[in-house]
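One structure is given below, encoded as C-alpha cells.
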Amino acid sequence: MTLSYTRADFQTDQEVRWCPGCGDYTILASVQQFLARLGRPREQFVFVSGIGCSSRFPYYMNTYGMHSIHGRAPAIATGIAVTRPDLSVWVVTGDGDALSIGGNHLIHALRRNVNIKILLFNNQIYGLTKGQYSPTSELGKTTKSSPFGTIDHPFNPVSLALGAEATFVARTLDMDREHTQMVLQKAYEHEGAAFIEIYQNCNVFNDKAFIQLTGKEERVHNRINLEHGKPIVFDEGKKAVVLRDGQAVIVDSNSVDPGAILVHDETRPDPSVAFALSRLSHGPYGPTPLGVFRNVSRPTYDAEMNRQLEEARAQRGPGDLSKLIRSLGTWTVDEGGEITEG
Amino acid sequence: MAEESATDRPQTQTQTFDRLVIRFAGDSGDGMQLAGSRFTDASALFGNDLATLPSYPAEIRAPAGTLPGVSSFQVQIADYDILTAGDEPDCLVAMNPAALKKNLKDLRDGGTLIINTDAFDERNLAKAGFESNPLEDGSLDSYRVIKVPMDELTTEAVRETGVTGRDVLRSKNFFALGLMAWLFGRPTQPTLDWIEKKFSRKPEVAAANAAAFKAGYNFGETTEATKVTFEVKPATLPAGTYTNITGNIALAWGLVAAAQKAGLPLFYGTYPITPASDILHELSRHKNFGVRTLQAEDEIAGIGTAIGAAFAGCLAVTGSSGPGIALKSEAISLAFMLELPLVVVNVQRGGPSTGLPTKPEQSDLLFSLYGRHGESPVPVLAIASPSDAFDMAIEAARIAIKYMTPVLLLSDNYIANGSEPWKLPNVDEIPPIPVKFAKHPNGPDGKFLPYMRDFDTFARPWAVPGTPGLEHRVGGLEKEAVTGNVSYDPANHQLMVDSRAWKVANIANDIPEVEVEGDQDADLLVLGWGSTYGPNRAAARRARLEGVKVATAHLRYLNPLPRNLGDVLRRFPKILIPELNTGQLLKHIRSEYLVDAVGLNKVMGEPFKVAEITDKILEMKK
Ligand SMILES: Cc1ncc(C[n+]2csc(CCOP(=O)(O)OP(=O)(O)O)c2C)c(N)n1
Ligand code: SF4
Ligand SMILES: [Mg+2]
C-alpha cells in the first residue's frame, strides 16, 4: 500500500526544542521528507532513541516511538525488530549514546545483522550535558571536562561499524539533505542492520566542526563522494583514490593511470577495502569520504529467528501445553492409591 | 520412628520409617546428580512423597578428588506429605574420601554409610586432607558402614558389554544406585527402562549401565551387605497425575502457559548466569510454542530487548540473578515509567558480588522493593516452592499485563534446582489472561491518549506499533497525564508519581489475602516468604508435636502486601520471621506495620534445617 503523504504528516504537535541552528533540525526534515516520499503507512514505523539532544528525535516524528535510556536503543530496537518483522524499526542515537555508554549494544546489533536502521548523529560532543568531549572528539580538544585538552584517542565510527561486520555502513552530512535522503533510501532497502553516521553540527558546543565538508570553499576540496561503480575522484577531478598495499591513498589524478583509480564497489564481500576507505580520514578535518561504504547481504537475525520458529512448528506442530508439562515423565495415583507410570 | 519387621529378604531385617533422607556424594565426575535423580524418580513411582536438593561446586571441573570438587544430591522420601529435602541424611553414599570428609558431619548419628573403598587410596586420602584412613582408624564406629569395592565390582560387571577404557568406571554411579535400590526396596524396572531409552544411541553404554545397576542390586542381595534394609511406605497422595519438577523448569513452563493463556507470543531476553540459565535453556527448546529467546550481549541488553518486545506486543520476560538484576535496575525504572508489561525473574543466589553463585540466599528482597532510582514501587512476587513457580509465573504475567507494569518475580537457588512432585493441573482450567490492545483513538477529538488510565485498574492502554491512528511516543521523561506528552510541570509530576504508586498499591485488591495455617489461637506466628515455605511449615509441625501452639503464614506477594496482613500480624503477640538473609523482610514488616517481629537469620549458602526453626519456635514459647 502506497499512501500519499507530505512532510507534515510526519510532524507531531510537539514544539521542537533543539537550539536554533542545530543540525538536528535539518536531519529531522530530511527523515520526514524521506518517509513521506516512501508512502509506507506511518503506523509501521518505530523510532527508538537513547538519551541526548539527538535522542529527542522520536518526540517529533508522528510514528510510533520510544525515547529510552542512555545507550540502550539498539537493544530495545532489536526486541521490536525480532518480534515484529512487519515493522520498519529505526534507531536515533548520538556519538556519546552509541559509542560510549552504548558501544556494546551497537556492535552486537551490527554483528547480528538485526533489521534496524541506526542513525548516529555525530556532533563530536556531548550536547545535552552541555559540552563535554565525546568518544569522537578530536584528540587534544579543549572542552569543559578537558580544560587541558583531551588525551582520548577518538573512534572512527565507520571503521568501528565495519569492524563489527556491519552489512551496511554509510556516512552523510546534516546540511546535505539530498545526500542524506539518498543514503536513507539505500539503508531502507537494505535487509539487515544499516549504520549511518550523520555529521551533525552542534552550533552551541562544537560549532563548525564539519566546516571542511560544509564550507562553500572547503567542501569542494574535501568531499569524497563514494558512488557505487564509479572511480573515486574528488576536488573537481583533480584528486583520486588508489589502493597501495591494501591501503587507500589520495593522489593527484594526473599522476596515475586512470585504470589504477579505485572503482567503488560497496558490495565487496570482504570489508577490507571499505575499511581502507574509512581510514582516509580520521574525522572531518580534510578529505573525507561520504556515501555508502558497504552494502552486502547476509541473513538477518530476525528472519533467522523467525525461520527457526516456523521450522519448529512445521516439525512438531503448534505447542501443546498439556503435553509439555508431561514431557519429563509422569506417574498417576488413582483414587485407590494405586500408582502407575505415565 | 523405626519399626522392625521380617520380610521375604533372607536373613535381613527391614526397618520401616515414615521418612528417610538419603544423600549421594562424590566427585563432580562421579555422576551423583544422575544417581540421585534416578533414585528420586524410582521413589516417586513407588509412591513416596519427596523433595530434593542438589548441591554443586561453583567450579565446573574442580580438580578430581578434592573437597571443592564434591557434588551431592539429597532426597527425602516419606509416607506423608513432606515439605523439605530434610535436615540430616540417614544414609550417605560417599564415592571418595573428599565426599566423605565434606558430608560426614551432616550424617545422623548411627546413620548408614556406603563407601566406595576403592577410592580410599593414599593419594585420595591426602587430597581430602585425611591424616589416617577413616576406614581403619575407628572414626566411623558410630555409623553403620557398608564397605564396597565399587571400582572393582563395576569393572567386573561391565566386562562383557563392550565399553572400554575410561568408560568402564563411568557406570560406577549405576552400581551405587543399584545397591541403594536394594537397600531401600526401590523398584528396579523404571531405572532399567530409563537406561535403555536414555542411552538408546549408545547400546554398549546402555548395557554397561544396566549391568552395573543390576550388579549393585545383586551385591546387596547376595552378600547381604547389611543385616538391615529400609522401607518407607508409599504416601497417600491425592489422586492425579504427577511429575517431579524443579523450580526453573516449572517457571519456564509457567511462562509458556501464561503466553498461551494471554494469546501473546512469549519473548525471553537474557544473559546467562547461574542459577537462572536453565530457564533460558528450557525456553529455547520450545520454539514451536512461538517462544523467542534472545541471548543478549549483557543483562542490560537482555531487559532492553524485552522492553522492545513488550512495546511491540509480546509477553516479555527477562531473567537473571543478583549481579545481573543490578545491571537491569535502570531499565526496570524505564519500564515502570513507560508503563509496559514486563516480567523480571530474579533467581537469587548468595551475594554480594559473585558471592556464592551456586548457593541459595534470599538477600535481594530489599533490593527488589527499594533498589531503583526515583519513586518506582514495582510489584514484587515470590515463589514458595519448585512447583509453585508454575503458578507464580502465570500470576506475574497476569499482573504485568493487567496493570501495565514491570513485575519482579523472585525465586532462589533452592527453588530453582530443588524438586518436588507436582500434581499436574488441567491446563484447560487455567483461566485466560485477558489482553486488550487499543484499537481505536480514545480521545474526544479522535486523538489517541496513551496515558488515559483505565477507571478500575489505573492502567494505561497498550497500543502496539502497526495499529493505524494510534501512533504515539513513550519515553523516560515525565509524561503529562492523559496525553503522554513530555511535561516538566511540578503538579503533573506529583500527580504522575502518585498515580503510578496508586496503581501498584491498588493491586492489593486483586491478590489473595494471606492465610494463617495451623493453630489460629496460637500466640506465635511464623511468617515467611520465598523458599522458607517448606522449612517453616515443617518446623511448626514439629513444634506442635512438642505440644506448643504455633501458626504460620506465607507471603507470595511482597509488593503490594496482602491487604489483610496488618490485621493478621496484630493478632499475634509474637512474630518470628526466618530468612536466608540478615533480616530483610523483618525490616520491611517492622517499618510497614510497627510490629515487634523477631528474625531468625542465616546466610550459610544452604536452606534452613527444620530443626533450626523448631528450636527457635520452642525458645520463643518459653
Ligand atoms: C545512565 C546515564 N548516564 C548519563 C546520562 C547523562 N547524559 C545524557 S545525554 C549524555 C551524552 C549525550 O551525548 P550524545 O550521545 O553525543 O548526544 P548529543 O546530546 O550530543 O546529541 C549524557 C552523558 C544519562 N542520561 N544517563
Ligand atoms: S546543544 Fe548542540 S546538539 Fe544540542 S540542541 Fe543545541 S545545538 Fe543541537
Ligand atoms: Mg553528541
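The values are calculated or read from the model by the stated rules, or taken from the named source; none is laboratory data. All values derive from a computational prediction rather than experimental measurement. Note that we place each Cβ from the backbone using ideal geometry, even for glycine, and neighbour counts take in every protein chain shown. Surface accessibility is based on the protein's heavy atoms, side chains included, excluding ligands, DNA and RNA. Shrake-Rupley method; radii C 1.70, N 1.55, O 1.52, S 1.80 Å.
Starting from the stretch B:414-439, keep only residues that are within 12 Å of chain A (Cβ to nearest Cβ), then list their pairs with residues that are open to solvent by 90 Å² or more (accessible area, probe 1.4 Å) whose Cβ atoms are within a distance under 8 Å, requiring at least 6 positions of separation or different chains.
B:Leu424/A:Arg326
What residue, among those in the stretch A:279-288 that are out of contact with any His (no Cβ under 8 Å at 6 or more places or on another chain) and not in a strand (DSSP E or B), is surrounded by the most Cβ atoms within 10 Å (Cβ to Cβ)? Before you say what the answer is, go through the steps one by one.
To start, the set of residues in the stretch A:279-288 that are out of contact with any His (no Cβ under 8 Å at 6 or more places or on another chain) comprises A:279-286, A:288.
Imposing the further condition that a residue be not in a strand (DSSP E or B) reduces the set to A:279-286.
Numbers: A:Arg279: 15, A:Leu280: 19, A:Ser281: 20, A:His282: 16, A:Gly283: 20, A:Pro284: 24, A:Tyr285: 14, A:Gly286: 14.
For the stretch A:279-288, the residue satisfying everything is A:Pro284.
Taking the stretch A:113-145 only, how many residues are on the phi < 0 side of the Ramachandran plot and within 15 Å of ligand 3 (Cβ to nearest atom)?
First pass over the stretch A:113-145, keeping only residues on the phi < 0 side of the Ramachandran plot: A:114-123, A:125-129, A:132-139, A:141-145.
From the residues that got through so far, the ones that are within 15 Å of ligand 3 (Cβ to nearest atom) too are A:118-123, A:125-129, A:132-138, A:141, A:143-145.
Looking only at that region, the number is 22.
Give the stretch B:483-530 a look and list any residue that's surrounded by 13 or more Cβ atoms within 10 Å (Cβ to Cβ) and within 14 Å of another protein chain (Cβ to nearest Cβ), or say none.
Within the stretch B:483-530, B:Thr483, B:Gly484, B:Asn485, B:Val486, B:Ser487 qualify.
Within the bounds of the stretch A:71-83, is there any residue that is within 12 Å of chain B (Cβ to nearest Cβ), more than 30 Å from A:Leu309 (Cα to Cα) and within 14 Å of ligand 3 (Cβ to nearest atom)?
Scanning the stretch A:71-83, I find no residue that is within 12 Å of chain B (Cβ to nearest Cβ), more than 30 Å from A:Leu309 (Cα to Cα) and within 14 Å of ligand 3 (Cβ to nearest atom), so the answer is no.
Would you list the helices (runs of 4 or more DSSP H) that sit entirely within the stretch A:65-170 and hold 1 or more residues that are at pLDDT 95 or above and hydroxyl-bearing (Ser, Thr, Tyr)?
Ranges flagged: A:73-83, A:157-163.
Only one of (1) more than 14 Å from the chain's Cα centre (by Cα); (2) open to solvent by 10 Å² or more (accessible area, probe 1.4 Å) is not met by A:Ser68, so which one is it?
That leaves (2) as the condition not met.
Given the stretch B:493-604, what helices (runs of 4 or more DSSP H) lie entirely inside it while holding 1 or more residues that are under 30 Å from B:Ala78 (Cα atoms)?
Where helices (runs of 4 or more DSSP H) fall fully within the stretch B:493-604 and carry at least 1 residues being under 30 Å from B:Ala78 (Cα atoms), they are B:533-545.
For every residue, the table says whether it meets (1) away from ligand 2 (no atom under 16 Å from the Cβ); (2) more than 23 Å from the chain's Cα centre (by Cα).
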{"position": "A:Asn203", "(1), (2)": "no, no"}
{"position": "A:His221", "(1), (2)": "yes, yes"}
{"position": "A:Ile224", "(1), (2)": "yes, no"}
{"position": "A:Val241", "(1), (2)": "yes, yes"}
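Mind checking which residues of the stretch B:297-324 are touching a Gly at 6+ places or on another chain (Cβ under 6 Å), at the interface with chain A (Cβ under 7 Å from one of its Cβ atoms) and either of a type in the set (Ser, Thr, Tyr) or open to solvent by 20 Å² or more (accessible area, probe 1.4 Å) (or both)?
Residues of the stretch B:297-324 that are touching a Gly at 6+ places or on another chain (Cβ under 6 Å), as a first pass: B:299, B:302, B:305-306, B:308-309, B:318, B:322.
In the following step, the residues that additionally are at the interface with chain A (Cβ under 7 Å from one of its Cβ atoms) were identified as B:305-306, B:308-309.
Once the filter is applied, which keeps residues that are touching a Gly at 6+ places or on another chain (Cβ under 6 Å), at the interface with chain A (Cβ under 7 Å from one of its Cβ atoms) and either of a type in the set (Ser, Thr, Tyr) or open to solvent by 20 Å² or more (accessible area, probe 1.4 Å) (or both), the stretch B:297-324 yields only B:Thr305.
Let me confirm something: among A:Leu99, A:Leu120, A:Leu139, which residue is away from ligand 2 (no atom under 16 Å from the Cβ) and more than 12 Å from chain B (Cβ to nearest Cβ)?
So the residue among A:Leu99, A:Leu120, A:Leu139 that is away from ligand 2 (no atom under 16 Å from the Cβ) and more than 12 Å from chain B (Cβ to nearest Cβ) is A:Leu139.
Residue-wise test of (1) basic (Lys, Arg); (2) open to solvent by less than 10 Å² (accessible area, probe 1.4 Å).
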{"position": "A:Leu106", "(1), (2)": "no, yes"}
{"position": "A:Ile116", "(1), (2)": "no, yes"}
{"position": "A:Ile125", "(1), (2)": "no, yes"}
{"position": "A:Pro135", "(1), (2)": "no, no"}
{"position": "A:Lys141", "(1), (2)": "yes, no"}
{"position": "A:Gln181", "(1), (2)": "no, no"}
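Return yes or no: is A:Tyr5 part of a loop (DSSP other than H, G, I, E, B), surrounded by fewer than 23 Cβ atoms within 10 Å (Cβ to Cβ), at pLDDT 95 or above and in contact with a Gly (Cβ under 8 Å, 6 or more places away or on another chain)?
The answer is yes for A:Tyr5.
Which residues, taken from the stretch A:306-342, are open to solvent by 80 Å² or more (accessible area, probe 1.4 Å), facing chain B (nearest Cβ under 7 Å) and assigned to a helix (DSSP H, G or I)?
A:Gln308, A:Arg313, A:Arg316
Within the stretch B:461-476, is there a residue that is open to solvent by 10 Å² or more (accessible area, probe 1.4 Å), more than 11 Å from every other protein chain (Cβ to nearest Cβ) and of a type in the set (D, E, K, R)?
Checking the stretch B:461-476: not a single residue is open to solvent by 10 Å² or more (accessible area, probe 1.4 Å), more than 11 Å from every other protein chain (Cβ to nearest Cβ) and of a type in the set (D, E, K, R).
Working only within the stretch A:40-64, note down all residues that are part of a loop (DSSP other than H, G, I, E, B), away from ligand 3 (no atom under 16 Å from the Cβ) and either open to solvent by 10 Å² or more (accessible area, probe 1.4 Å) or on the phi > 0 side of the Ramachandran plot (or both).
Scanning the stretch A:40-64 gives A:Arg40, A:Asn62.
So B:His286 passes all but one of these: (1) closer than 30 Å to B:Pro323 by Cα; (2) open to solvent by 20 Å² or more (accessible area, probe 1.4 Å). Which condition number does it fail?
With respect to (1) closer than 30 Å to B:Pro323 by Cα; (2) open to solvent by 20 Å² or more (accessible area, probe 1.4 Å), B:His286 is out only on (2).
From the list A:Ala276, A:Ala248, A:Ala260, A:Ala303, which one is surrounded by fewer than 14 Cβ atoms within 10 Å (Cβ to Cβ) and more than 8 Å from every other protein chain (Cβ to nearest Cβ)?
One residue alone meets the criteria, A:Ala260.
Going by the conditions given, is B:Asp151 modelled with pLDDT of 95 or more and either open to solvent by 30 Å² or more (accessible area, probe 1.4 Å) or among the aromatic types (Phe, Trp, Tyr) (or both)?
Yes.
Being over 25 Å from A:Gly131 (Cα atoms), in contact with a helix residue (DSSP H, G or I) (Cβ under 6 Å, 6 or more places away or on another chain) and within 12 Å of chain B (Cβ to nearest Cβ) is the filter here, so list the residues in the stretch A:36-60 that pass it.
Listed by number, the residues that qualify are A:Val46, A:Phe47.
Kindly establish whether A:Lys117 is under 12 Å from the mean Cα position of the chain (by Cα) and basic (Lys, Arg).
The answer is yes for A:Lys117.
Among the residues that make up the stretch B:276-287, is at least one of them in contact with a Leu (Cβ under 7 Å, 6 or more places away or on another chain), touching a residue at least 24 places away in the same chain (Cβ under 8 Å) and closer than 24 Å to B:Arg372 by Cβ?
Yes, because at least one residue in the stretch B:276-287 is in contact with a Leu (Cβ under 7 Å, 6 or more places away or on another chain), touching a residue at least 24 places away in the same chain (Cβ under 8 Å) and closer than 24 Å to B:Arg372 by Cβ.
Out of B:Leu294, B:Leu356, which single residue is open to solvent by 10 Å² or more (accessible area, probe 1.4 Å) and either of a type outside the set (Phe, Trp, Tyr) or under 30 Å from A:Gly65 (Cβ atoms) (or both)?
Being open to solvent by 10 Å² or more (accessible area, probe 1.4 Å) and either of a type outside the set (Phe, Trp, Tyr) or under 30 Å from A:Gly65 (Cβ atoms) (or both) holds for just one of B:Leu294, B:Leu356, which is B:Leu356.
Being within 13 Å of chain A (Cβ to nearest Cβ) and either under 20 Å from B:Ala51 (Cα atoms) or surrounded by fewer than 24 Cβ atoms within 10 Å (Cβ to Cβ) (or both) narrows it down to one of B:Pro272, B:Pro238, so name that one.
B:Pro238
Mind counting the residues in the stretch A:187-229 that are open to solvent by 30 Å² or more (accessible area, probe 1.4 Å), in contact with a helix residue (DSSP H, G or I) (Cβ under 9 Å, 6 or more places away or on another chain) and within 16 Å of ligand 1 (Cβ to nearest atom)?
Total meeting the criteria: 3.
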